[in-house]
Amino acid sequence: MGFSSRLGQSFTAKEIFDLVKDDLKLVERELSSESVASVEAVTHIARYLQDSGGKRLRPILLLLSSRLAGGVTPETIRMAAIVELIHAATLIHDDVIDTAKTRRGRPSSNAIWGNHISVLAGDWLYMQAFQIALRERNFHILDLLINLTQMMVEGELLQLERIGKINISEADYMQLIDRKTACLISVCAKLGSHVAGAGEATEARLGEFAWNLGIAFQLVDDVLDFTARETILGKPVGNDLREGKVTLPLIYALAAASPEERGMVERVLADRSYDNVPFSRILQMIERHKGVEKVRERAVHFTAKAKAIIAEFPDSPYQRALTAVTDLVIDRDR
């Protein structure tokens with residue numbers, strides 16, 4: 001079925017991917033050539049992450065935004081590689097900070113190479129991303145990327161400050177996911193539109209679209225941490241709480257929880273395990289107080305805002321694909 005006959009219909013994940021698959025091949029090639037370091041361990045870690053089967057959501061979003069705003073250029077391909085390198089660097093550092101054992105169903109880089117090498121490899125990937133950006137000689141691109149990197153580091157620091165604490169407010173949580181997730185997704189759309197030659201207004205609107213999408217993406221992530229099956233999630237279920245992180249489903253549930261239920265959560269946070277309080281009891285408590293339901297409603301609220309913004313743009317395959325991405329974020333199982 002051609003695009004013209006699909007008017008008003010939502011794209012499938014495969015159809016979205018097909019729109020940019022040739023661009024993505026160029027991005028993968030760019031990533032391969034730009035991930036070669038003079039130290040073997042860094043190259044191995046970069047390749048290991050590249051082969052780990054991530055969704056490539058960020059480059060796809062950047063490419064679609066670029067196509068929507070005017071077209072893909074060699075610069076667009078480089079920007080897509082940059083955001084994926086930055087994302088990879090944050091994943092490596094996250095896993096070290098969280099002492100994670102797995103990532104996408106495989107051993108995490110720190111589990112294989114150790115913390116010291118992993119941290120330095122993450123640093124190298126950050127610098128490599130900036131090295132590529134610097135070649136563009138474009139202050140606006142550097143400005144977006146430097147602000148982004150600082151925001152993401154602030155997000156990690158905020159999370160570390162709050163590890164193991166039960167009194168986390170919804171505002172605290174939203175501040176955290178703005179920095180940890182939404183700002184990177186927003187910058188992807190901004191970079192894509194900027195290198196396509198779009199004006200400031202278009203760049204700002206696409207950035208706002210992607211920010212709302214990013215918030216919804218993280219909200220669904222936090223729901224899946226409680227509700228997905230481990231084989232699908234690619235990491236242990238209930239991992240956030242085990243690591244001492246209180247996310248929004250739990251924040252909502254705790255607002256209505258009894259002292260006894262609150263005590264169960266405090267126990268898991270203190271133990272960093274479900275040895276004394278089974279995960280099933282925590283999940284029952286969250287479901288009793290409709291924590292998951294409320295977070296899903298919040299996610300739908302943010303995707304509705306994203307859709308309203310993207311609806312302002314003229315109809316095209318790329319406009320419809322970006323609309324469909326918002327549905328896929330809500331409906332995903334991993």
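Coordinate-derived values only; no laboratory data. From a predicted model like this one, the values you see are computed outputs, not experimental measurements. Cβ placement follows ideal geometry from the backbone for every residue including glycine, while neighbour counts extend to all protein chains displayed.
Spatially, region 164-204 and region 269-318 are offset by 17 Å when compared through their Cα centroids.
Highest mean packing comes first when the peptides 57-63, 128-134, 241-247 are listed by Cβ atoms within 10 Å, giving 57-63, 241-247, 128-134. Treating each Cα of region 133-260 as an identical point scatterer and summing with the Debye formula, the log10 of I(q)/I(0) at q = 0.15 Å⁻¹ comes to -0.80. For the chain, complete DSSP H runs whose alpha carbons reach 27 Å or more along their own long axis and whose mean Kyte-Doolittle score is -0.5 or higher are 13-34, 74-97, 115-135, 139-162, 200-227, 291-310. Annotation: peptides 272-280, 314-322, ranked by per-residue average of other Cβ atoms within 10 Å with the highest first, follow the order 314-322, 272-280. Over all other residues within a Cβ to Cβ distance under 11 Å of LEU145, the charged ones net out to -1, with Lys and Arg as +1 and Asp and Glu as -1. Going down the table (LYS21/LYS294; LYS165/LYS190; LYS14/LYS290; LYS21/LYS245; LYS180/LYS307), which pairs top 29 Å between alpha carbons? Correct reply: LYS21/LYS294; LYS165/LYS190; LYS14/LYS290; LYS21/LYS245. Relative to the Cα centre, the charge distribution of region 11-331, modelled as +1 at Lys and Arg Cβ and -1 at Asp and Glu Cβ, gives a dipole magnitude of about 400 debye.
Judged by the mean number of other Cβ atoms found within 10 Å, the most tightly packed of the peptides 174-184, 137-147 leads the ranking 174-184, 137-147.
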